[in-house]
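J.: First the structure, which I've put down as structure tokens, then a few questions once you've had a look.
The values are calculated or read from the model by the stated rules, or taken from the named source; none is laboratory data. Computed from a predicted structure; not experimentally measured. Here the Cβ positions follow ideal geometry from the backbone for every residue, glycine too, while neighbour counts run over all protein chains shown.
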Amino acid sequence: MSSGPITSLPRHIAIVMDGNGRWAQRRRRPRVIGHRAGARAVDRTIDFCLERGIEVLTLFAFSSENWGRPRDEVDALMKLFMGALDREVGEMQRRGVRVRFIGERSRFSPPILERMQNAEKATEGNTRLTLVIAASYGGRQDIAAAARALAEDVAAGRLRPEQIDETAVGARVALADLPPPDLFIRTGGDTRVSNFLLWQLAYTELWFTDTLWPEFDAAILQQAVDDYARRERRYGLTSAQIAVQATETPSE
Ligand code: IPE
Ligand code: IPE
Ligand code: MG
């Protein structure tokens, strides 16, 4: 624990929801049961964010690499995803949640794709919470796509190579229009990023818990948010500089 100035609530929380399979296996149940239980933890997390006034919640639901899992498991996950899309859009509307998806959409089947588009369209006017679902998402693929977009702009004469800087790249990766993640949480005990938001996490505070995703709840999320509030985000500067900034910039 550091003793820096108290940072307020995170505006954006990004979560790697890991541990569904192990949760089920410990109960001698098929892995898919864990994924189903995981969906309920998603609901609890959304509720927490709505209650606390978190602006953006990004959830890693399915990675680019997860396509390589056994066929049965991928099929079961797609079925769950489809069911959730059918069920939850009305609920998100009611709760004022805007839903967005990041990731390689072309890999989903047309019926899923259509539901994703409908969910985004139906909820685009909602402003209480932006819920970003990372599905078929990979951080490297995200950066590669940004590089491709830059190359296309250069080839078309819209951009000069010397104009390529952090801002130009940052504008072409996922979540460019949202505040960057303040707090990253990974459940399930592993302490790695697993190709989640590589570019966007540059200065995100990282927080890990052994709790398996289906057991994640408001109390654990509160612990993460409390830990975050005690951290000093220095962005490469010194503690003393940060202290001066805190007195100079009026807090919002
Ligand atoms: C996370 O849980 C959900 C997805 C990756 C789809 P896992 O399925 O990875 O669960 P563990 O890590 O095997 O327990
Ligand atoms: C990360 O979990 C991806 C999601 C939670 C969707 P994985 O279970 O796929 O990650 P690894 O395999 O442990 O790195
Ligand atoms: Mg896992």
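J.: Looking at ALA61, ALA76 in this structure, which one is aliphatic (A, V, I, L, M), closer than 30 Å to SER8 by Cβ, within 16 Å of ligand 3 (Cβ to nearest atom) and modelled with pLDDT of 95 or more?
T.: Details: ALA76 fails: closer than 30 Å to SER8 by Cβ.
Of the residues listed, the single one that is aliphatic (A, V, I, L, M), closer than 30 Å to SER8 by Cβ, within 16 Å of ligand 3 (Cβ to nearest atom) and modelled with pLDDT of 95 or more is ALA61.
J.: With (1) on the phi > 0 side of the Ramachandran plot; (2) away from ligand 1 (no atom under 11 Å from the Cβ) as the list, and GLY19 as the residue in question, which single condition is left unmet?
T.: (2)
J.: Right, here's the next one. Looking only at the range 172-197, which residues are among the charged types (D, E, K, R) and in a strand (DSSP E or B)?
T.: Of all residues in the range 172-197, those among the charged types (D, E, K, R) come to 172, 177, 182, 186, 190, 192.
Across the range 172-197, the qualifying residue is only ARG186.
J.: State which residue is nearest to ligand 3 (Cβ to nearest atom) when the search covers only the range 202-227 and only residues that are out of contact with any strand residue (DSSP E or B) (no Cβ under 6 Å at 6 or more places or on another chain) and in a loop (DSSP other than H, G, I, E, B).
T.: LEU212
J.: Of all residues being among the small types (Gly, Ala, Ser) and within 16 Å of ligand 2 (Cβ to nearest atom) in the range 153-203, which is surrounded by the most Cβ atoms within 10 Å (Cβ to Cβ)? Just the residue, please.
T.: Here the residue is ALA174.
J.: Looking at the range 148-171 only, could you name the residues that are among the hydrophobic types (A, V, I, L, M, F, W, C) and assigned to a helix (DSSP H, G or I)?
T.: ALA149, LEU150, ALA151, VAL154, ALA155, ALA168, VAL169
J.: Given the criterion within 24 Å of GLN200 (Cα to Cα) and within 20 Å of the chain's Cα centre (by Cα), identify the matching residue among VAL99, VAL89.
T.: Residue meeting the stated conditions: VAL99.
J.: While we're on this one: Consider THR58 against the criteria (1) within 16 Å of ligand 1 (Cβ to nearest atom); (2) among the hydroxyl-bearing types (Ser, Thr, Tyr); (3) surrounded by fewer than 13 Cβ atoms within 10 Å (Cβ to Cβ): it satisfies all of them except one. Which criterion is unmet?
T.: Just one mismatch for THR58, condition (3).
J.: A further question on this structure: If you go through the range 155-195, how many residues are free of Cβ contacts under 8 Å to residues at least 40 places away in the same chain and touching a strand residue (DSSP E or B) at 6+ places or on another chain (Cβ under 8 Å)?
T.: Residues meeting the conditions: 2.
J.: Return the pairs, sorted by first residue and then second, in which the second residue is surrounded by 15 or more Cβ atoms within 10 Å (Cβ to Cβ) and not in a helix (DSSP H, G or I), the first residue lies in the range 73-95 and is among the β-branched types (Val, Ile, Thr), the beta carbons are less than 9 Å apart, and the residues are 6+ apart or on different chains.
T.: Once the first residue is among the β-branched types (Val, Ile, Thr) and sits in the range 73-95, its partners that are surrounded by 15 or more Cβ atoms within 10 Å (Cβ to Cβ) and not in a helix (DSSP H, G or I) give VAL74/PHE62; VAL89/VAL99.
J.: Checking the structure you have, find out if any residue of the range 42-58 is closer than 20 Å to MET116 by Cβ and among the small types (Gly, Ala, Ser).
T.: no
J.: Pairs needed: first member in the range 208-232, free of Cβ contacts under 8 Å to residues at least 60 places away in the same chain and within 18 Å of ASP190 (Cβ to Cβ); second member anywhere, among the β-branched types (Val, Ile, Thr) and part of a helix (DSSP H, G or I); C-beta distance under 9 Å; at least 6 residues apart or different chains.
T.: Between residues of the range 208-232 that are free of Cβ contacts under 8 Å to residues at least 60 places away in the same chain and within 18 Å of ASP190 (Cβ to Cβ) and residues that are among the β-branched types (Val, Ile, Thr) and part of a helix (DSSP H, G or I), the close pairs are THR209/ILE220.
J.: Just checking, how many residues over the range 30-48 are more than 16 Å from ligand 3 (Cβ to nearest atom) and surrounded by fewer than 22 Cβ atoms within 10 Å (Cβ to Cβ)?
T.: Total meeting the criteria: 6.
J.: With respect to the numbered conditions (1) within 16 Å of ligand 1 (Cβ to nearest atom); (2) at negative phi; (3) polar (S, T, N, Q), which one is the sole condition not fulfilled by SER194?
T.: (2)
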